[in-house]
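> I have a structure I would like to understand better, so I am pasting it below and will then ask my questions one at a time.
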Amino acid sequence: MKNMKRILLKLSGEALSGDKGFGFDEATCLEVGRQVKEIVDKGTQVAIVIGGGNFWRGRNSSKIIERTKSDQIGMLGTVMNCIYVSEIFRTLGMTTEVFTPFVCGAFTELFAKDKAMDALSEGKVVFFAGGTGHPYFSTDTGTTLRAVEIEADAILLAKAIDGVYDKDPKVYPDAVKYDEISIQQVVDQRLQVVDLTATIMCLENHMPMVVFGLNEKDSIVETLYGEFNGTYVTV
Ligand code: UDP
């Protein structure tokens with residue numbers, strides 16, 4: 001992927017939990033950190049959004065409590081994830097800053113575009129925790145919103161799967177992976193890249209997405225500076 005000076009890397013919460021499916025897997029986070037340090041050292045500005053599925057999902061983690069409060073718990077889960085990964089990155093020698101769209105006391109900085117841009121230009125890895133700050137949204141929509149705001153060159157989606165397929169390869173062994181696909185095609189074919197709200201935001205704001213497998217060797221570094229094996233979602 002040429003000419004990517006500023007990217008927004010989206011990691012799923014589950015990816016942080018390794019095989020456990022809950023909480024954190026330190027080895028996985030350290031490996032992500034090692035790769036992020038490499039791309040930062042090469043001059044890429046990196047912002048990160050982390051999902052919250054390793055702790056809580058507003059839609060389905062409780063059948064009793066109301067959605068708004070359930071989503072607030074989900075958003076706080078993403079704050080825990082970002083504080084944790086930010087600290088892991090610091091142990092590797094990176095400088096970091098965690099932003100939230102709501103006040104978290106002294107734990108995080110309140111998000112403002114100018115502050116985030118300053119931090120990025122200082123070479124800090126910037127975390128956007130807490131999603132959009134609103135219920136009924138997701139970290140996919142938070143990712144798209146922040147990527148557009150910071151004028152990122154692309155959203156990098158590091159997934160359990162190594163690209164976008166025409167159908168689910170776990171169900172259909174003959175599924176075909178796309179090297180490149182347009183966002184309009186993603187919408188028309190209802191392909192699962194990010195959720196539909198986030199897909200439409202990418203379409204309207206001309207934000208490309210780059211999908212690749214987090215578990216492939218060196219995939220973050222390779223995607224930006226080496227051989228790209230995933231799917232490029234064009235605008
Ligand atoms: N969430 C929210 N608003 C946001 C971002 C996240 O309410 O802007 C909540 C929501 O409850 C979600 C949880 O945080 O289920 C974790 O976010 P993620 O996007 O990982 O959830 P998923 O879409 O996988 O359920």
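A short reminder: the numbers here are calculations on the coordinates, not readings from a lab. Note that the structure is predicted; figures quoted are calculated from it, not measured. Methodologically, a virtual Cβ is constructed for each residue, glycine included, from the backbone with ideal geometry; neighbour enumeration extends over all protein chains shown.
> Fewest to most neighbouring Cβ within 10 Å: what's the order for LEU76, LEU16?
Fewest-to-most ranking of LEU76, LEU16: LEU76, LEU16.
> Sorting MET75, MET1, MET209 on the 10 Å Cβ count, fewest up front, what's the list?
MET1, MET75, MET209
> Right, something else. Just want the ordering: THR44, THR78, from fewest to most Cβ atoms lying within 10 Å of their own Cβ.
Least to most surrounded, the residues fall as THR44, THR78.
> Remind me, relative contact order of the chain in percent, using alpha carbon pairs under 8 angstrom and six or more residues apart?
Reported as a whole number, the value is 22 percent.
> Helix hunt in the chain: which complete DSSP H runs extend at least 27 Å axially by C-alpha with mean Kyte-Doolittle at least -1.0?
Those that pass (Cα extent of 27 Å or more, hydropathy at least -1.0) are 67-91.
> If you don't mind, another one. Restricting to DSSP loop positions (anything but H, G, I, E, B) with no more than 15 other Cβ atoms inside 10 Å of their own Cβ, which trypsin sites (Lys or Arg not before Pro) remain in segment 149-235?
LYS167, LYS170, ARG190, LYS217
> Going from the alpha-carbon gyration tensor of segment 184-235, what semi-axes, largest first and in whole Å, does one get by taking the root of 5 times each eigenvalue?
Here the semi-axes work out to 23, 11, 9 Å.
> Can you give me the orientation-averaged projected area of the convex hull built on the Cα atoms of segment 118-195, in nm²?
The orientation-averaged projected area of the Cα hull of segment 118-195 comes to 6.9 nm².
> Further, regarding this structure: Under 10 Å, Cα contacts only: if you run a Gaussian network model on the chain, which one of PHE128, PHE99, PHE107 comes out with the highest mean-square fluctuation?
Maximum fluctuation in the GNM of the chain, among the listed residues, is at PHE107.
> On to the next question. Could you give the C-alpha radius of gyration of the chain expressed as a fraction of 2.2 N^0.38 Å, taking N as the number of residues it contains?
0.95
> Quick check: the distance between the Cα centres of segment 164-235 and segment 40-76, to the nearest angstrom?
About 21 Å separates the Cα centre of segment 164-235 from the one of segment 40-76.
> Can I get the semi-axes of segment 1-102's equivalent ellipsoid? Compute them from the C-alpha gyration tensor as square roots of 5 times the eigenvalues, in angstrom, largest first.
Values for segment 1-102, descending: 27, 15, 12 Å.
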